[in-house]
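The values are calculated or read from the model by the stated rules, or taken from the named source; none is laboratory data. Given the structure is predicted, the values throughout are model-derived calculations rather than measurements. Neighbour counts are summed over all protein chains in view; Cβ atoms, including those assigned to glycine, are modelled from backbone coordinates with ideal geometry. What goes into the accessible areas is simple: the full protein's heavy atoms, side chains included, and nothing from ligands, DNA or RNA. Shrake-Rupley method; radii C 1.70, N 1.55, O 1.52, S 1.80 Å.
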Amino acid sequence: LSSVGPFEHPSPSCFRWNRRTLRGRKRAMARVSRITRPSRAAASAAIVAVAAAATVAVSVVATFATSLAAVVVVTDHRTPRLLVEGPLNSAARVELTPAQAKHVMTVLRAREGSALVLFDGESGEWSAELRRGIAGGSGKRSSRNGASGGSGICAHVAEQLRPQRVETGPRLLFAPLKSKVLALLAEKATELGVSELVPVLTEHTEIDHTLGGEEGIRNRIFIAACAAAEQCERLSVPVVQPLVTLERLLDEWTRDVHKARTRDGDDAGFDAVAPVAPLLVALERNDERGVYAWPLLTAARGLERRRLPDDALPAVLIGPEGGFTTEEADALAKHPAVVFVSLGPRILRAETAAFTALAVLQAVSDEAAA
């Protein structure tokens, strides 16, 4: 028996030890249960709270997604808008140029059946549907903005969205600038509602020879004006006139003044040029040559009160960066249609002066129409 272990032949003391150990363990587990019971309750409450918060969050996200989808549907005004050859009607088929097709299909990622908006400057604005294939025998090929040529993409015109209206904005006369600034000037002038863009050659005008001469200048202006008209939802593109010298410009304006005075009588003062279009000339400084420059806002409101006819739209002449020469300034001062205006106390760059003048004229026109 001495070789038998105590657990094989347990003694009463061993049983007592086991009972004491078991009771101790039970008491320890009871204490742990009493300590952790509040923690388990708190954890359960936290789980319930998290589940409720998750439910609310899912509901909020679903509501936001629904409202966002509704906003996208309602305010989706980014339909591609293109300038094409006219006239447009509900049976027209217009083939896009390669440049237009690349912009619509690659940049804007439009697909067959996508909506388009077309305008030609004469027939108003029309909705259309994008289709693959040539326009057909009765179709037209767009070549006004971009290189001409077949693209295999055409637009099926559906219905008219807006009728054509006449642009009654001012005419902008300016000395040609460098290529990038020239494009910027044409773009912003189009957005500000000009009806004509007239490049004027002065003594201090610096021609950018990279544009390719007079025709290159005109094409650069026209391309920038076309792109701006598509973006700003105009119904027409400003008329881009060929390059003209300041002397010839003033001679043509003089003939118009003589015709008007023969018809309406000879007056004096600020109203003498009516109904001929007044020529607002922006001066760099108000005290250079003894001439008075009206504040532009005053002159613009005066022209608005005179209610010029539609064919006598006001014109704004912005000189070159070097300013007018003494001879040019004297010729302008003697001209009966010229009204000198001031754009403020600071010397502005040519493009800044043009934007300022057009913005003031647009604001006064909107004020009078309100």
Of 299, 272, the only residue that is under 18 Å from residue 354 (Cα atoms), of a type in the set (A, V, I, L, M) and modelled with pLDDT under 90 is 299
Is there a residue being crowded, with 16+ Cβ neighbours inside 10 Å, within 23 Å of residue 127 (Cβ to Cβ) and in contact (Cβ under 8 Å) with a residue 40 or more places away in the chain anywhere in region 168-189? no
In this structure, is residue 197 within 13 Å of residue 226 (Cα to Cα), in contact with a Leu (Cβ under 8 Å, 6 or more places away or on another chain) and either assigned to a loop (DSSP other than H, G, I, E, B) or not β-branched (Val, Ile, Thr) (or both)? yes
Pair list, Cβ < 9 Å and 6+ apart or interchain, from region 339-350 residues that are farther than 10 Å from residue 318 by Cβ and free of Cβ contacts under 8 Å to residues at least 24 places away in the same chain to residues that are among the hydrophobic types (A, V, I, L, M, F, W, C) and surrounded by 16 or more Cβ atoms within 10 Å (Cβ to Cβ): 344/296
Hey, residue 326 farther than 13 Å from residue 279 by Cβ, among the β-branched types (Val, Ile, Thr) and modelled with pLDDT of 90 or more or not: no
Could you check how many residues of region 322-370 are open to solvent by less than 50 Å² (accessible area, probe 1.4 Å), assigned to a loop (DSSP other than H, G, I, E, B) and among the β-branched types (Val, Ile, Thr)? 1
How many residues does region 200-246 hold that are among the hydrophobic types (A, V, I, L, M, F, W, C) and in a loop (DSSP other than H, G, I, E, B)? 4
